[in-house]
Structures are given as structure tokens and as C-alpha cells.
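What follows is a set of notes on a single structure, which appears directly below.
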Amino acid sequence: MRKAIVRVALVTAALLLVPLVAMQLTEEVSWDPGDFVVAGALMSGAGLAYELLAQKANGAAHRAAVGVAIGAVLVLVWANLAV
């Protein structure tokens, strides 16, 4: 489980670098520290939930279903927070 936590943290950090770099290159992206905290919490929570539930899944089809379900929840929450 420790490897999973490290993997989720690294992927989350890598994804958060995208808006950070975009903020340096353009004025159209303007995140404040709270945005980074919320995005990091959402992505970390989704990643950890996937790791936990995928361990209990039997087979690739179930893992894929878990990924689609968690991804859908992540996108819905993200879209609602963006409005």
C-alpha cells in the first residue's frame, strides 16, 4: 500500500505542474493556492480510492469499471466546483 500512496502522490504532483507551468506562460490561467489544494485533494482522493478498490476487484474488467466510476465522480465534482 505504501507504493500505491507514493505513486498517487507523484502522479498528483505531476498533474498539478501543468497549471503551474501554464500560469508562467499565459495570463489565461490564474490559480490561487486554494485551487491547487482543492485539485490536489480531489486527485489524491480519487487516486487512493482507485488503488483501494482496484485491489479488491477481480479481473481487468472490474478494475476498468472502478476506474470509469471514480473518473466520472471526479469529473462531476470538478465541473460543479468550476461553476
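The values are calculated or read from the model by the stated rules, or taken from the named source; none is laboratory data. Being a predicted model, the structure only gives us computed values, none of them experimental. Counting neighbours? That spans all protein chains shown, and the Cβs are built from the backbone with ideal geometry, glycine included. Accessible surface areas use protein heavy atoms only, side chains included; no ligands, DNA or RNA. Shrake-Rupley method; radii C 1.70, N 1.55, O 1.52, S 1.80 Å.
Points to keep in mind about this one:
- Accessible area per residue for the chain, computed on protein heavy atoms with a 1.4 Å probe, is 72 Å².
- Model label zone, ARG63; criterion: amide N under 18 Å from point 7 Å along Cα-to-beta-carbon; scope the stretch 1-37: 1-9, 11
- Label separation (VAL6 vs VAL29): 2.8 nm, computed from points 7 Å beyond Cα along the C-beta direction.
- In the chain, helical runs assigned H by DSSP with n ≥ 4 each contribute -39500 (n - 2.57); averaged across all residues and rounded to the nearest 500, the mean residue ellipticity at 222 nm is -30000 deg cm²/dmol.
- Percent carbon-and-sulfur accessible area, the stretch 1-59, ignoring ligands, DNA and RNA, probe 1.4 Å: 67 percent
- All other residues whose Cβ lies under 12 angstrom from that of ALA9 are scored, Lys and Arg at +1 and Asp and Glu at -1, for a net of +2.
- Translational diffusion coefficient of the stretch 35-83 (Stokes-Einstein, Kirkwood radius from Cα pairs, 20 °C, 1.002 mPa s): 189 µm²/s.
- Furthest towards positive pole of dipole, LEU76, GLN55, LEU16, structure part the chain, Cβ charges: GLN55
- Zone of ALA72's modelled label, taken as backbone nitrogen in the stretch 22-51 under 16 Å from a point 7 Å along Cα→Cβ: 50
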